[in-house]
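The values are calculated or read from the model by the stated rules, or taken from the named source; none is laboratory data. Keep in mind that what you see is a predicted model, and the values were worked out from it rather than measured. Ideal geometry is used to build each Cβ from the backbone, glycine not excepted, and the neighbour counts take in all protein chains shown.
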Amino acid sequence: MLDKTVVAIIQARMGSTRLPGKSMKKILGKPMLWHIVQRVKKTKHIDKVVVATSTSSKDDKIVKFCKQNKIDYFRGSENNVLSRFYETATKFNAGVIVRITADCPLIDPAIIDQTIKKYLTGKYDYVSVATGAGVANKNVKRYPDGLDCEVFSYKILESAYFNAKSNDEKEHVTLHIWKRPKKFNLLSIKPSEDYSKLRFTVDHPSDLKFVREIYKYLYFKKPNFGLFDIIALLKKYPKLLLINQANIGKEGYEKFWK
């Protein structure tokens, strides 16, 4: 019987078409994945952090990084990321899964904790931060793309694993869940202000340049800086917004709702 261990699973790979090897790109001399792991470890409600990568030889570099830094990891299917998550969660005896992606180096530990706390009330099958594909078809206030966090039980993940049929549902771990509000009780946590015109995720070289600038300004003063620290910085130096502004709205999330 599975326990109630809260396991953060960070999906990471080297094979990005727009920015190859992005999870190992350096920010202040450390791989982006290292920063993400450290930020996730700062949360109060996560018991274990695991990197889920693929069996592709391209991802040997991620495994080597995990071994060198004593980070738990699991290798599974490169394209069927849903099965990779399910197998990772099974191996590490996860009762509750927190899904994080390795292109979010500005992810906020406080927002992760808020999301987990909402899930742990027991009222919902799936709780997420309002950003990305899950709210692409909704007229709601959103967090910046790149603060993505999803929380769900092993039981719900197992349901998705056994019932997902399309390649999209197998590639995008929670697509089967958040497209079925009649089957699952869903909650999307929304901010008090709309931050959808901010982009914190890393898919392009300009995104990486933006993130490096944010770290340069904030990290040495406050390593665990969060959303509101970044907002204050951008108000002080609005030209930073121009670095990756052209990438906003080009994610292609709409395809999931056609």
Discussion item. I'm trying to understand the selection: among the residues of the stretch 90-121, which are aliphatic (A, V, I, L, M) and more than 20 Å from Asn185 (Cβ to Cβ)?
Written reply: Ile100, Ala102, Leu106, Ile107, Ala110, Ile111, Ile112
Worksheet item: Within the stretch 190-208, how many residues turn out to be surrounded by fewer than 18 Cβ atoms within 10 Å (Cβ to Cβ) and acidic (Asp, Glu)?
Response: 2
Worksheet item: Name the residues in the stretch 96-123 that are of a type in the set (Ser, Thr, Tyr) and either within 12 Å of the chain's Cα centre (by Cα) or surrounded by 20 or more Cβ atoms within 10 Å (Cβ to Cβ) (or both), would you?
Response: Thr101, Thr115, Tyr119
Worksheet item: Taking the stretch 79-122, which residues are among the small types (Gly, Ala, Ser) and not in a helix (DSSP H, G or I)?
Response: Ala94, Gly95, Ala102, Gly122
Response to the item:
By residue number, the members of the stretch 142-160 that are surrounded by fewer than 20 Cβ atoms within 10 Å (Cβ to Cβ) and under 19 Å from the mean Cα position of the chain (by Cα) are Ser153
Practice prompt. Can you tell me which residue within the stretch 53-62, out of those that are more than 16 Å from the chain's Cα centre (by Cα) and buried (at least 18 other Cβ atoms within 10 Å of the Cβ), is nearest to Lys170 (Cα to Cα)?
Written response: Ser54
Practice prompt. Just need a number here: residues in the stretch 106-136 that are without any contact (Cβ under 8 Å) to a residue 40 or more places away in the chain and among the hydrophobic types (A, V, I, L, M, F, W, C).
Written response: 0
Worksheet item: Where residues in the stretch 209-222 are closer than 19 Å to Val40 by Cβ and within 19 Å of the chain's Cα centre (by Cα), which of them is surrounded by the fewest Cβ atoms within 10 Å (Cβ to Cβ)?
Response: Tyr215
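Conditions (1) touching a residue at least 12 places away in the same chain (Cβ under 8 Å); (2) in a loop (DSSP other than H, G, I, E, B); (3) over 18 Å from Tyr119 (Cβ atoms), marked per residue:
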site: Val140; (1), (2), (3): yes, yes, yes
site: Phe152; (1), (2), (3): yes, no, no
site: Lys155; (1), (2), (3): no, no, no
site: Tyr161; (1), (2), (3): yes, no, yes
site: Asp168; (1), (2), (3): yes, no, yes
site: Phe184; (1), (2), (3): yes, yes, no
site: Ser188; (1), (2), (3): yes, no, no
Worksheet item: Of Ala246, Ala232, which residue is at pLDDT below 95, farther than 19 Å from Val140 by Cβ and in a helix (DSSP H, G or I)?
Response: Ala246
